[in-house]
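As structure tokens, the structure follows; a few thoughts come after it.
The values are calculated or read from the model by the stated rules, or taken from the named source; none is laboratory data. Keep in mind that what you see is a predicted model, and the values were worked out from it rather than measured. Neighbour counts run over all protein chains shown; Cβ positions are idealised from the backbone, glycine included. What goes into the accessible areas is simple: the full protein's heavy atoms, side chains included, and nothing from ligands, DNA or RNA. Shrake-Rupley method; radii C 1.70, N 1.55, O 1.52, S 1.80 Å.
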Amino acid sequence: MSDWTTYEPVLIPNIAGLDRLETYRKHGGYDALHAVLHDQNTWPDPASVVQEVKEANIRGRGGAGFNAGLKWSFMPPVDGGPRYLACNGDESEPGTFKDRKIFEYNPFLFIEGATIAAYAMSITSIYVYIRGEYRSWIHKMEKAVSDAYDAGLLGQNILGSDFSVDLVLHSGAGAYICGEETSLLESLEGKRGYPRVKPPFPAQRGLWGRPTTINNIETLSNVPGVIRNGADWFKSIGAESHPGPILYGISGHVNRPGVYELPSGMPVMTLIEEVAQGMRNGKKLKAIIPGGSSTPILPAKDLEDLTMDADALRGAGSMMGTAGMVVMDEDTDIVETLWRISKFYHHESCGQCTPCREGTGWLEKILEKVVTGQGTTRDLDLLLDITSQMEGRTICALADAAAWPVRYTISRFRDEFEARCKPSLIPVG
Amino acid sequence: MSQKSSDNGASLSQNGTSAYTFTKEQLAEIEVLKTKYPEVQAVTLPVLWMAQDTFGHVDPEVQRLVAYTLDLPESHVHGVAEFYTQYFKTPKGKHVLDVCTCLSCHLCGGMDTLGYLENKLGIKAGETTPDGEFTLQEAECLGACGYAPMMQITNDVYVNHLTPEKVDQVLDQLASGDTPDFESIPMPLVSTTSNNEAAGGSDE
Ligand SMILES: Cc1cc2nc3c(=O)[nH]c(=O)nc-3n(C[C@H](O)[C@H](O)[C@H](O)COP(=O)(O)O)c2cc1C
Ligand code: SF4
Ligand code: FES
């Protein structure tokens, strides 16, 4: 791991006024798009752009960690009809507050990245879905998009080339589930955000039945850098199997919570002790949730040599998710924290699938019993049983996202749960 | 589209009526919105937003206006309005305070903030003060987890790092007809050489 203290941010560099187009361009902004459209030697065709992005291995920053270029390559051949790019700015996984930083501080980086992606996949329209609560940030994006249109960077014949694409901002209206990619498509079409059954996958049948790619805002914001500096440059940043810059959102019981741009693969303890400047009030660390509320909790004893990248976290029994790390100190009531997470997933289940609709409800209800001292040890096994009836049995992954925290928090902090429970009167099993 | 709009700003097709109307300007804006999508139905969310910003809520009468204006079934607009939590299906107080009590906020005093507001306003979460000034709500994660505890005001600005003093200040400000400014929270610099300066951000 290179020295993080000398790392120079590339997604949100320390340059004042980057949210103004002239400043952005002065610092190399739109050089990448220009090259892609005009430098025939380096970028002979859209496929060459897809190839470079695939080579860079930008793993999706929306939570699933899928190679963006590989996803792009799934788009079917051009048939003359419309093709869409849906940009996911729903950002609603508890613990996650990073994409808004791009909207606020470097909106053109994202717009340029989305435009290059559109060129690479022969997209005809880009839709940017932003959670409705982010009204302040949507206003900032409206200004940026309008400036990009005025400067010929969106719309017809971009930068004097024969490439044209439109970009439309679309506000959500309060529904976590709309961050799930097919729910997002339904919402963009003006419907309730009920996730779709896959297959067909969006690349085959997405928005309005046409080929569609969905990418997270931060994922797309990495594209201009890859084009400008090459896949090898990108791969030289951070963890080998999960390269590139990461916007780490650190919240909870640390002295300096916030979003930090650093290489992937940062040691968890460095993020807590040095970057976020240690635990609040000199308390001891108890546990972290590494990448948003659905990623399994890790107790402090497992964090010693752990790094923030997909492989290392999987090895430790968790996931990278959105890199929104929630830090908990020794006074944290783990039982109550889990109940609050379950309440969230119950509230946000769209209700289409019985295991999810009923399961999330039961998880919340039983955990409430345990929190208030009414639970029995038998209830803990009932909770685990419910999670196994939810996982992998539903249309979308919300049910898994709701089940994992329950399964792993109980298994990793079982004594704290048992201490809250009355003994079962009927023996288990 | 078969729907007609008369010159005085009424906006209803032959299909029915609503107690509410969009202005001529709004109808023109809706026409522009429609050009951004291949199907009219896609403007359901934006037009519901427009309606709520105008009338303060999207009760069934407002939903009818949206349905008639777009020539879509009322059941469709109703279903959409019901699905999304930010649409107010019944009128709310003049100011709606959404206090986040989700994961990170829960760990950092979100419930205390909510409790403080309940005491101060004399209402429970989900209720509106008798004078109609404030509605208090418990919210799920608003994407401000590092700045907890926090709340959103009437689907618009976020106020972060709440303390009792700051809550008092915000309530006074709202009562006097003012709204808090947008709080830009720069990214802290990580480099140890330039410790507390802010990265990113506008210089305004
Ligand atoms: C319940 C649920 C919620 C999700 N919410 C988001 C979200 O808010 N933002 C996001 O980018 N991806 C979210 N995702 C992941 C998306 O489905 C999808 O994988 C992602 O947007 C793809 O972009 P990427 O490959 O660039 O990460 C969510 C997934 C699920 C199952
Ligand atoms: S798993 Fe849950 S959220 Fe996903 S489609 Fe089924 S009911 Fe809806
Ligand atoms: S948990 Fe409150 S803003 Fe995310």
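If you go through the range A:17-36 and keep only what is within 27 Å of A:Leu70 (Cβ to Cβ) and open to solvent by 20 Å² or more (accessible area, probe 1.4 Å), you end up with A:Asp31, A:His34, A:Ala35. Scanning the range A:270-285 for residues that are within 18 Å of B:Cys145 (Cα to Cα), open to solvent by 70 Å² or more (accessible area, probe 1.4 Å) and not in a loop (DSSP other than H, G, I, E, B) gives a single hit, A:Arg280. For the range B:100-191, the helices (runs of 4 or more DSSP H) that sit wholly inside it and include 2 or more residues that are away from ligand 2 (no atom under 16 Å from the Cβ) and closer than 30 Å to A:Val10 by Cα are B:103-107.
Could you list all residues from the range A:286-316 that are surrounded by fewer than 22 Cβ atoms within 10 Å (Cβ to Cβ), within 16 Å of ligand 1 (Cβ to nearest atom) and not in a helix (DSSP H, G or I)? The answer is A:Pro296, and nothing else.
For beta carbons closer than 7 Å, sequence separation of 6+ or different chains, a first residue in the range A:350-367 that is within 15 Å of A:Arg393 (Cβ to Cβ) and a second that is more than 10 Å from ligand 2 (Cβ to nearest atom) and acidic (Asp, Glu), there are no qualifying pairs.
Among the residues making up the range B:53-66, those that are outside any loop (DSSP other than H, G, I, E, B) and without any contact (Cβ under 8 Å) to a residue 40 or more places away in the chain are B:Asp53, B:Thr54, B:Phe55, B:Pro60, B:Gln63, B:Val66. Which one is surrounded by the fewest Cβ atoms within 10 Å (Cβ to Cβ) among residues in the range A:173-182 that are closer than 12 Å to A:Ala86 by Cβ and either within 16 Å of ligand 3 (Cβ to nearest atom) or hydrophobic (A, V, I, L, M, F, W, C) (or both)? Per the stated criteria, the residue is A:Gly179.
Restricted to the range A:328-362, and to residues there that are in contact with a His (Cβ under 6 Å, 6 or more places away or on another chain) and either assigned to a helix (DSSP H, G or I) or more than 9 Å from chain B (Cβ to nearest Cβ) (or both), the residue that is surrounded by the most Cβ atoms within 10 Å (Cβ to Cβ) is A:Thr360.
When residues in the range A:81-96 are screened for being open to solvent by less than 10 Å² (accessible area, probe 1.4 Å) and at the interface with another protein chain (Cβ under 7 Å from one of its Cβ atoms), 3 of them pass.
Condition test on B:Thr154, is it in contact (Cβ under 8 Å) with a residue 40 or more places away in the chain, outside the structural domain of B:Ala51 (by TED's automatic domain parsing) and open to solvent by 30 Å² or more (accessible area, probe 1.4 Å)? Steps first, please.
Working: in contact (Cβ under 8 Å) with a residue 40 or more places away in the chain: yes; outside the structural domain of B:Ala51 (by TED's automatic domain parsing): yes; open to solvent by 30 Å² or more (accessible area, probe 1.4 Å): yes.
Answer is yes for this residue.
For B:Leu97, indicate whether it is within 14 Å of the chain's Cα centre (by Cα), in a helix (DSSP H, G or I) and either under 30 Å from B:Met151 (Cα atoms) or not assigned by TED's automatic domain parsing to the domain that holds B:Ala148 (or both). If you could, list the steps in order and put the result at the bottom.
Details: within 14 Å of the chain's Cα centre (by Cα): yes; in a helix (DSSP H, G or I): no; either under 30 Å from B:Met151 (Cα atoms) or not assigned by TED's automatic domain parsing to the domain that holds B:Ala148 (or both): yes.
Here the answer is no, as B:Leu97 does not meet what is asked.
Somewhere in the range A:110-120, is a residue within 9 Å of chain B (Cβ to nearest Cβ) and of a type outside the set (Val, Ile, Thr)? No, the conditions are met nowhere in the range A:110-120.
When the range A:89-135 is limited to residues that are among the polar types (S, T, N, Q) and more than 12 Å from ligand 1 (Cβ to nearest atom), the one that is nearest to the chain's Cα centre (by Cα) turns out to be A:Asn106. Return a yes/no flag: does the range B:48-62 have any residue that is open to solvent by 30 Å² or more (accessible area, probe 1.4 Å) and over 28 Å from B:Ala125 (Cβ atoms). Checking the range B:48-62: not a single residue is open to solvent by 30 Å² or more (accessible area, probe 1.4 Å) and over 28 Å from B:Ala125 (Cβ atoms).
For first residues located in the range A:12-31 and part of a helix (DSSP H, G or I), partners that are among the aliphatic types (A, V, I, L, M) and buried (at least 19 other Cβ atoms within 10 Å of the Cβ) and lie 6+ apart or on another chain with Cβ distances below 6 Å form the pairs A:Tyr24/A:Leu18.
Name the residues in the range A:31-60 that are of a type in the set (Asp, Glu) and either more than 13 Å from A:Tyr119 (Cα to Cα) or not assigned by TED's automatic domain parsing to the domain that holds A:Val165 (or both), would you?
Within the range A:31-60, the subset of a type in the set (Asp, Glu) is A:31, A:39, A:45, A:52, A:55.
Within the range A:31-60, A:Asp31, A:Asp39, A:Glu52, A:Glu55 meet the criteria.
Considering the range A:247-269, and only residues there that are of a type in the set (S, T, N, Q) and within 11 Å of chain B (Cβ to nearest Cβ), the residue that is farthest from the chain's Cα centre (by Cα) turns out to be A:Asn255. Of the residues making up the range A:229-241, none is open to solvent by less than 40 Å² (accessible area, probe 1.4 Å), within 16 Å of ligand 2 (Cβ to nearest atom) and modelled with pLDDT of 95 or more.
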